[in-house]
Amino acid sequence: MKNIWISELERVFKRKKTIVGIIIYLLLVGFQCLFLWSFGVGFYNAEEAVYLNNLNAAPFFLRELGIFLIFILIPMFVVDSFNGECSSGAYQLILTRPQDRAKLFIVKWAVQAVIILALLAVTWVVTTLFGNLLFPTVTETPFYQIEGLQVLQAYGYSLLFYVIAALVLLSVIALGGVISTIMPNTIISYLAIIGMLVGAIYLSDHFIFYFSLSDSIFDVLGGENHSLLILVFLIMVISFIINITVWKKRDWMG
Amino acid sequence: MKQLLLSEWIRLWKRKTTWIAFLSIPLILIAAAKYLVSQNNVVSTKLPQYTVAWNFPVMGLAEMLITVFQGIIILIVVFSVTEEIRTGQIRMVLLRSYSYTEILFAKYIVIIGVILLFFTVYFIGSHIVGIIFFPMVDKFSLFYHQELATPIVGLMYNVRFYGIACLTAIAIISVMFFIAVVCRTTTAAIGVSIGFIIFTLGYPTMLSYFHELFGNELFVKLYFTSITMIQFEGITRILGESGNEAGWNYSVIAIYISLFTVSTFIAMNKKDYFI
């Protein structure tokens, strides 16, 4: 099992765009820091804004970064991992080893998840530190539809915010994985993922959270949005089941 | 050169994706029509946002121009440039007595041709769908126009609108073509292309926070340095009665086209010919 992990991680980081993508993401985090610092104001949604302080700063960073993660970084990583390797034929070399295909698949999935979760964790730590360094210090802060959270409660809130964001991102990985597995080549997979994420809005307004990640999570924590968690959970589970079934039954020689 | 263009044209139509893109036009039009029918219930009949048979070609294009059309341009450009270069298929053509520059130039022309054809089919289709779904009124209002328009004036307006939309599409093709030549993998090419679209939609919004800092005139100019914003709002402003911003918007489009075609030319001359 350990060797499968090493092999998968090596292949992911051998692709130059993984490193470049992560560096660009970190640069964007820095840029977002500058942006929020120069304004001192964060937005709950298009209408409502709030002054930032050391306790409430962290969640507001995902407002713009979420778009980059959901529409650019994750599809790029997932398509390369789930489709690029297979359609180029390189993955046949892995499959010649006597390993269970389901196990290979789960590790592949887990590696993608770990990278994204690590990025989110780094973002949370950096932005919390940043908030404490540069924004005015307060002892209690309001959040969207919530009044007066103490220091620890406020950190709990922002941590919970990032956990929900992580769940949404995991559902993008799951959805992207199943689309990439079914589609014949990388170009079509990529555009199909984007088409799916955008097209879902025409299906129902509940899917808006892929576009407005942070706004929707504020709604969830403010008690105004009850569908997000259920939808994200369903998308993740259904995609994962379809994906693992297709992966095991697939004709790899084609 | 004629032979080369012909061969690129045939190769483009050999792909299923090109056919699927064209066959999806009726679906896109019906989806847009359904959405606009539901919008009509909440919009006053006097506003230019109210859709009638004669302005449906414009109303149905506005939203699709920055989503579906952009997607189809990315799809076609990446398939015929990045994919062919990186998998080495292009070597088959390079064996003949054509230079790398000539081949890519032929591709550029052919892609523009396909997109123009796509616009033409969409234009005709949207008139048919418009007549089926929407009321055929005698007079209706246009964006940034005081007087009401007759169907004939509306048709002329639509033709001009589609003409400018084609120009912006050529600018987008130039950008995507540059990205497709430079990027080493297809996923990177699509990622950067989508990043470009999101960026050009995003920075004008960010600029609007500084609206007062710049003053109105400079702000409008900066706002319309973004090609997607020209597609989204600029075209109706160009065709407005005052037409103040027409000159600026046309020059931005011209700069995009020339800047990115020249960059593509420089980039591909620095590349290894023996891929």
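Inside the range A:1-25, residues that are in contact (Cβ under 8 Å) with a residue 60 or more places away in the chain, of a type outside the set (F, W, Y) and either part of a helix (DSSP H, G or I) or more than 12 Å from chain B (Cβ to nearest Cβ) (or both) make up a count of 10.
Check whether at least one residue in the range A:47-63 is exposed (fewer than 13 other Cβ atoms within 10 Å of the Cβ) and either without any contact (Cβ under 8 Å) to a residue 60 or more places away in the chain or in a strand (DSSP E or B) (or both), and report yes or no.
Step one: filter the range A:47-63 for residues exposed (fewer than 13 other Cβ atoms within 10 Å of the Cβ), giving A:47-48.
Now restrict to residues that are either without any contact (Cβ under 8 Å) to a residue 60 or more places away in the chain or in a strand (DSSP E or B) (or both): A:47.
Yes, there is a match, as at least one residue in the range A:47-63 is exposed (fewer than 13 other Cβ atoms within 10 Å of the Cβ) and either without any contact (Cβ under 8 Å) to a residue 60 or more places away in the chain or in a strand (DSSP E or B) (or both).
Within the range B:7-60, being out of contact with any helix residue (DSSP H, G or I) (no Cβ under 9 Å at 6 or more places or on another chain) and more than 14 Å from chain A (Cβ to nearest Cβ) holds for B:I10, B:K14, B:L23, B:N40, B:N41, B:V42, B:V43, B:S44, B:T45, B:K46, B:L47. Out of the residues in the range A:27-46 that are closer than 24 Å to A:L117 by Cβ and without any contact (Cβ under 8 Å) to a residue 12 or more places away in the chain, which is farthest from the other protein chains (Cβ to nearest Cβ)? Per the criteria, the residue is A:G30.
Residues in the range B:97-123 that are touching a residue at least 24 places away in the same chain (Cβ under 8 Å) and over 30 Å from B:I28 (Cα atoms): B:Y98, B:Y100, B:T101, B:E102, B:I103, B:L104. Inclusion of A:D215 among residues that are in contact with a helix residue (DSSP H, G or I) (Cβ under 8 Å, 6 or more places away or on another chain), closer than 27 Å to A:E48 by Cα and not small (G, A, S) is warranted. Taking the listed residues B:S208, B:S193, the one that is within 14 Å of another protein chain (Cβ to nearest Cβ), loosely packed, with under 14 Cβ neighbours inside 10 Å and assigned to a helix (DSSP H, G or I) is B:S208, with no other qualifying. Residue-level check: of (1) free of Cβ contacts under 8 Å to residues at least 12 places away in the same chain; (2) within 14 Å of chain A (Cβ to nearest Cβ), B:T200 misses just (1). The set of residues from the range A:85-134 being more than 30 Å from A:G40 (Cα to Cα) and among the hydroxyl-bearing types (S, T, Y) comprises A:S87, A:S88, A:Y91, A:T96. Of the residues making up the range A:79-112, those that are over 27 Å from A:L167 (Cα atoms), touching a residue at least 60 places away in the same chain (Cβ under 8 Å) and more than 13 Å from every other protein chain (Cβ to nearest Cβ) number 5.
Of all residues in the range B:31-68, those being charged (D, E, K, R) and over 21 Å from the mean Cα position of the chain (by Cα) number 2. Reported count of residues in the range B:1-30, each being without any contact (Cβ under 8 Å) to a residue 12 or more places away in the chain and over 19 Å from the mean Cα position of the chain (by Cα), is 7.
Here B:R184 meets each of (1) under 20 Å from B:V58 (Cβ atoms); (2) assigned to a loop (DSSP other than H, G, I, E, B) with one exception, condition (1). Going by the conditions given, is B:Q89 farther than 23 Å from A:I188 by Cβ and either away from chain A (no Cβ under 11 Å) or in contact (Cβ under 8 Å) with a residue 40 or more places away in the chain (or both)? No.
Listed residues B:G130, B:G71; which is within 14 Å of chain A (Cβ to nearest Cβ), modelled with pLDDT of 90 or more and out of contact with any Asp or Glu (no Cβ under 6 Å at 6 or more places or on another chain)?
On the way: B:G130 fails: within 14 Å of chain A (Cβ to nearest Cβ).
Just a single option satisfies the conditions, and that option is B:G71.
For the range B:73-100, filtered to residues that are in contact with a Phe, Trp or Tyr (Cβ under 7 Å, 6 or more places away or on another chain) and of a type in the set (V, I, T), the residue that is farthest from B:T168 (Cα to Cα) is B:V81. Residues of the range B:153-190 that are of a type in the set (S, T, Y) and away from chain A (no Cβ under 11 Å): B:Y157, B:Y162, B:T168, B:S174.
Can you pull out every residue in the range B:215-249 that is hydroxyl-bearing (S, T, Y) and either in contact (Cβ under 8 Å) with a residue 60 or more places away in the chain or part of a loop (DSSP other than H, G, I, E, B) (or both)?
Filtering the range B:215-249 for residues hydroxyl-bearing (S, T, Y) gives B:223, B:225-226, B:228, B:236, B:242.
Of everything in the range B:215-249, those that are hydroxyl-bearing (S, T, Y) and either in contact (Cβ under 8 Å) with a residue 60 or more places away in the chain or part of a loop (DSSP other than H, G, I, E, B) (or both) turn out to be B:T225, B:S226, B:T228, B:T236, B:S242.
Please enumerate the residues belonging to the range B:75-123 that are among the basic types (K, R) and not in a helix (DSSP H, G or I).
B:R96
Taken over the range A:173-217, residues that are within 19 Å of B:Y35 (Cβ to Cβ), more than 12 Å from every other protein chain (Cβ to nearest Cβ) and not in a helix (DSSP H, G or I) amount to 1.
List the helices (runs of 4 or more DSSP H) that sit entirely inside the range A:68-121 and contain at least 2 residues that are under 14 Å from the mean Cα position of the chain (by Cα) and farther than 17 Å from A:I6 by Cα. Once the helices (runs of 4 or more DSSP H) in the range A:68-121 are filtered for at least 2 residues that are under 14 Å from the mean Cα position of the chain (by Cα) and farther than 17 Å from A:I6 by Cα, what remains is A:74-79.
The values are calculated or read from the model by the stated rules, or taken from the named source; none is laboratory data. Everything quoted here is computed from the prediction, not taken from an experiment. A quick note on method: Cβ atoms are made from the backbone with ideal geometry, for glycine too, and the neighbour counts reach across all protein chains shown.
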